[in-house]
Amino acid sequence: MRILSLAGRRLAASIPTLFLILIGVFLLLQFAPGDTVDALMAQMGGGDAATARDLRKFYGLDVSVPMQLANYLWHLVQLDLGFSSIYGKPVATVILERLPPTILLMTASLSFAFFFGLVFGVIASRAVNKWPDTLISTLGLIFYATPSFWFGLMAIVVFSIYLQWLPAGGFEDIGQVQSGFWRVIDIARHLILPTLTLGLIFLAIYLRIMRASMLEVLNLDYVRTARAKGLDETRVVTGHVLRNALLPMVTLIGLQAGTMLGGSVVVESVFSLPGLGRLAYESVVQRDLNTLLGIVFVSALLVITVNFVVDLLYARLDPRISAEG
Amino acid sequence: MDLTRLEINRRTALLTSAAIAANVINPMRAFAQETPKKGGVFNVHYGAEQRQLNPSIQASTGVYIISGKIQESLVDLDADGKPVGVLAESWESSTDGKTIAFKLRKGVTWHDGKPFTSADVEFTAMNMWKKILNYGSTLQLFLTAVDTPDPQTAVFRYERPMPLNLLLRALPDLGYISAKHLYENGDIRQNPTNLAPVGTGPFKFVKYERGQYIIADRNPDYWRSNAPYLDRIVWKVITDRAAAAAQLEAGELQYCPFSSLTISDMARLGKDKRFVATTKGNEGNARTNTIEFNFRRKELSDIRVRRAIAHAIDVPFFIENFLGDFAKLGTGPIPSTSTDFYPGAGTPQYPYDKAKAAALLDEAGFKAGPGGARFSLKLLPAPWGEDISLWSTFIQQSLKDVGITVEIVRNDGGGFLKQVYDEHAFDLATGWHQYRNDPAVSTTVWYRSGQPKGAPWTNQWGWEDKQVDTTIDNALTELDAAKRKALYAEFVKEVNTELPVWMPIEQIFVTVISAKARNHSNTPRWGSSSWHDLWLSA
């Protein structure tokens, strides 16, 4: 129960932060010249001033900036995210449509990075300074240093153009209508390259952290005790070391949920995935303030949720944390 | 410079020498022997999604590329660029030019089964073209009514004479018809049909998945018998240019229209025998690169400074090294692709001459200060294309050589339009001028004074010339085609002399398309046209 109250307090504390972020983003976007009607005119390739005036009135842009902000916040308090001017639909609907690819991509990339980061980190630490360690560490460094858009494009060139194994982009095959199991397989195929692209940088980070924290824990007294008791190496690692070495990894997940959302803008563009990252980019270019604020709101909720889960995991891994809470 | 060189190069490798001779004249003729094949899915690159897809209320290639297949216009252009009837079968103008009657095609039905009649034309013209459609509201400014004596006749009545050749050249873009029965109730702009278009065209709208794709399927009841050939068209939303090129190579796209790939990718794919890269089929979508001068700046209101700036830039060098085969030297606001109005090369030009530029600046009283600097200007490039960005850097470097320091201020689309056309917060601006078949539709508005503040792509330079205004107004209502052409030649001469805007580069959009596509690029606005005869060979 204590863990829940801890998380509950965290949640309550994040509400003012959320509002501050929203107000900040709102004001920041006011500094960008032009509004959604200018962007609309750019798309139309011309139009007259009277039309622009009508449209401004329609989108509620004819009132002062503080008034627009007040209107927005008032709607938000009523859990109304407003109306998207690019899509002509409620922002909540637009975001809900775009959420699944991003969540899938984030979950897949995080799991991929976490799992392989863990495995390679453990291998590297067990063979420290020997060839597997050197190989893994070097690969990690390369993954970390490679820009994800470049990696994505190269992956497309190799796997889609030359080998023709995987699709070059999109979320699912639209040539044939599929359902159930085959649709899942199809979407999974489309997500392999984006997941690799987004996940590799994080894999490199996890690998380094896991290796370092394993090495640290391996030198602690209780590990020596465990070995002295005559436990075999595998039992020592899985039963004693891993659990403690995992803490910094779990911390990172919480921190990186937000970063990943940022990284997904690039990956979603390269692989033409209809996700939240691309939607955010599009709404900035189109000056669709409501949609952008809605995305900020939803992303903040996502990050808060991930951190909440991380808090729960902490307690599971190290009971002292919930006791202290 | 031969704009179709890439295409011809590619073919020379494939065809016998006898065939080449025919090919140079008409590259499409080589396919005439094959029998068209039914079926197939055609995947199209769609780079920038639009807010709505109805071409009756938004004139832009981004809309035509999709709904030009679903909705139809009264007329289109044929292979020679001449107006040819689509929903209209014939037309006739009264001698005073104030009444233009269209005979409409019989037996045409909307995709929902209702018959197409003159009531649809009347409704679209009066409520969409005249009131909402960009460019349309200018074109139809003096339209007072559309009479519908019978379901197959629509008579346009104008307050002032409307040249028939102007209207027919404007209608391929500004003449799309929407169904009255779907739009007559409620706000036209908010009508859900705008995102699920219903038309009379060869393809029927199926589905629009935002951020992913749009699908249209063959219309089995299409009025052109035996058309269309394709089963389905899919427009795939791909915002990243490199990703689009990759999908084309992976066979997931068959067509990247309107220069939607990077310049280097278009050149590279043009050499690949699986694709055709050509400017053919885009003659009706010519664009010119501009330098727009803000006359509110004291220096720029001096004609000698504007001429000096034009002389200071080595345009042929820029074209040769940065744009390659996809561009050529321009001569002013009417591009050479406009066979009806191009005035020839006799108008004032500003060839590269650094010494002359420096002399003009000296003469205007802007002597070089310490370090050779004279004054500095703020340049706003439009964010629409790679070439504009390169061009703005080239302007910056060229002007530095004659002592003008240029600061480049980059914006996104909304920001650019706001600052240039509403706030006038620029000294120099550069972007595209898109020519739309008739100068009265797309071009004179860049020069005619009295444009309301905030209207994009209009004269916002603070420049006014009564003589040019008069020429523009006279040409707008001149019924005699030869006299109209002469008036526009006069117009080009005047504006090239005064130089409120300089348009020194001509470009035609580049199509990159699968070599399996047949009957493509066979009209001057093919990317926007209906694709009823397009088919894919095995």
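Please return the ranges of strands (runs of 3 or more DSSP E) entirely within region B:328-434 where 1 or more residues are of a type in the set (D, E), away from chain A (no Cβ under 14 Å) and open to solvent by 10 Å² or more (accessible area, probe 1.4 Å).
B:404-408
Which ones in region A:221-243 are open to solvent by 60 Å² or more (accessible area, probe 1.4 Å) and either under 19 Å from A:G117 (Cα atoms) or touching a Cys at 6+ places or on another chain (Cβ under 9 Å) (or both)?
A:T234, A:T238, A:R243
Can you find a residue that is of a type in the set (F, W, Y), in contact with a strand residue (DSSP E or B) (Cβ under 6 Å, 6 or more places away or on another chain), over 27 Å from B:I319 (Cα atoms) and touching a residue at least 40 places away in the same chain (Cβ under 8 Å) anywhere in region B:520-532?
No; the residues of region B:520-532 include none that is of a type in the set (F, W, Y), in contact with a strand residue (DSSP E or B) (Cβ under 6 Å, 6 or more places away or on another chain), over 27 Å from B:I319 (Cα atoms) and touching a residue at least 40 places away in the same chain (Cβ under 8 Å).
Consider A:T146 carefully, then state whether it is open to solvent by less than 30 Å² (accessible area, probe 1.4 Å), polar (S, T, N, Q) and free of Cβ contacts under 8 Å to residues at least 60 places away in the same chain.
Here the answer is yes, as A:T146 does meet what is asked.
What is the residue count in region A:246-282 for residues that are within 14 Å of another protein chain (Cβ to nearest Cβ) and not hydrophobic (A, V, I, L, M, F, W, C)?
The qualifying residues number 10.
Does A:D186 fit the bill of being at pLDDT below 85, under 20 Å from B:Y213 (Cα atoms) and not hydroxyl-bearing (S, T, Y)?
Criteria not met by A:D186.
Pick from B:D150, B:D187: which is touching a Ser or Thr at 6+ places or on another chain (Cβ under 9 Å) and of a type in the set (D, E, K, R)?
Selected residue: B:D150, the only one of B:D150, B:D187 that is touching a Ser or Thr at 6+ places or on another chain (Cβ under 9 Å) and of a type in the set (D, E, K, R).
Looking at region B:241-261 only, could you name the residues that are within 12 Å of chain A (Cβ to nearest Cβ) and in contact with a Leu (Cβ under 8 Å, 6 or more places away or on another chain)?
B:R241, B:A242, B:A243, B:A244, B:A245, B:A246, B:Q247, B:L248, B:E249 - these are the residues of region B:241-261 that are within 12 Å of chain A (Cβ to nearest Cβ) and in contact with a Leu (Cβ under 8 Å, 6 or more places away or on another chain).
From B:P348, B:P333, B:P343, which residue is within 30 Å of B:V441 (Cβ to Cβ) and touching a strand residue (DSSP E or B) at 6+ places or on another chain (Cβ under 8 Å)?
B:P333
Look at A:S109 and say whether it is within 22 Å of A:A204 (Cβ to Cβ) and either within 14 Å of another protein chain (Cβ to nearest Cβ) or within 17 Å of the chain's Cα centre (by Cα) (or both).
When the stated conditions are applied, A:S109 passes them.
Does region A:268-294 hold any residues that are open to solvent by less than 10 Å² (accessible area, probe 1.4 Å) and part of a helix (DSSP H, G or I), and which are they?
A:E268, A:V270, A:L276, A:G277, A:L279, A:S283, A:T291, A:L293, A:G294
Can you go through B:I238, B:I233 and tell me which one is of a type in the set (V, I, T), within 12 Å of another protein chain (Cβ to nearest Cβ) and closer than 14 Å to B:G68 by Cα?
So the residue among B:I238, B:I233 that is of a type in the set (V, I, T), within 12 Å of another protein chain (Cβ to nearest Cβ) and closer than 14 Å to B:G68 by Cα is B:I233.
Scan region B:503-538 for residues that are open to solvent by less than 10 Å² (accessible area, probe 1.4 Å) and at positive phi and jot them down.
Listed by number, the residues that qualify are B:S521, B:W531.
Residue by residue through region B:287-309, note down the ones that are crowded, with 24+ Cβ neighbours inside 10 Å and either without any contact (Cβ under 8 Å) to a residue 24 or more places away in the chain or among the aliphatic types (A, V, I, L, M) (or both).
If the condition is that a residue be crowded, with 24+ Cβ neighbours inside 10 Å and either without any contact (Cβ under 8 Å) to a residue 24 or more places away in the chain or among the aliphatic types (A, V, I, L, M) (or both), then B:V305, B:A308, B:I309 are the ones that fit.
State which residue is farthest from the other protein chains (Cβ to nearest Cβ) when the search covers only region A:155-184 and only residues that are within 21 Å of B:K236 (Cα to Cα) and not in a loop (DSSP other than H, G, I, E, B).
My answer is A:V184.
Is it the case that B:Q451 is of a type outside the set (V, I, T) and in a loop (DSSP other than H, G, I, E, B)?
Taking the combined requirement at face value, the residue satisfies it.
The values are calculated or read from the model by the stated rules, or taken from the named source; none is laboratory data. Predicted model only: the values in this text are computed from it and were never measured. Backbone-built Cβ (ideal geometry, glycine too); neighbour counts: all protein chains shown. Calculation scope for accessible area: heavy atoms of the full protein, side chains included, ligands and nucleic acids excluded. Shrake-Rupley method; radii C 1.70, N 1.55, O 1.52, S 1.80 Å.
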